Amino acid sequence: MAVERRIRLTERDGMEMGIRCPNCGTYTSFGDILATGHCRGGWKGCQTGLRLDLVIVE
């Protein structure tokens, strides 16, 4: 069973329209995360699954 953990991203982690993978540091766009569900750093051997959650605060 896969271990799921949540991390809170900071401004340092974010870049225009994407983030750096917390495990390998490869830039992955939000579109790639939504489409594939994983890090783009496969060429580095990174198998990190990524997911975006939308939180609505009223």
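The values are calculated or read from the model by the stated rules, or taken from the named source; none is laboratory data. All figures in this text were calculated on a predicted structure; none of them were measured in a lab. Please note: Cβ atoms are built from the backbone with ideal geometry, for glycine as well, and neighbour counts cover all protein chains shown. Only protein heavy atoms, including side chains, enter the accessible area calculation; ligands, DNA and RNA are left aside. Shrake-Rupley method; radii C 1.70, N 1.55, O 1.52, S 1.80 Å.
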**OP:** Please check the chain for the longest run free of trypsin sites (Lys or Arg not before Pro) that are loop-located per DSSP (anything but H, G, I, E, B) and have at most 14 other Cβ atoms within 10 Å.
**Re:** 13-50
Subject >> Solvent-accessible area, 1.4 Å probe, carbon plus sulfur percent, for the chain >> reply: 54
Original post:
Taking a temperature of 25 °C and a viscosity of 0.890 mPa s, what whole-number D in µm²/s does Stokes-Einstein yield for the chain with Rh from Kirkwood over alpha carbon pairs?
Top reply: 202
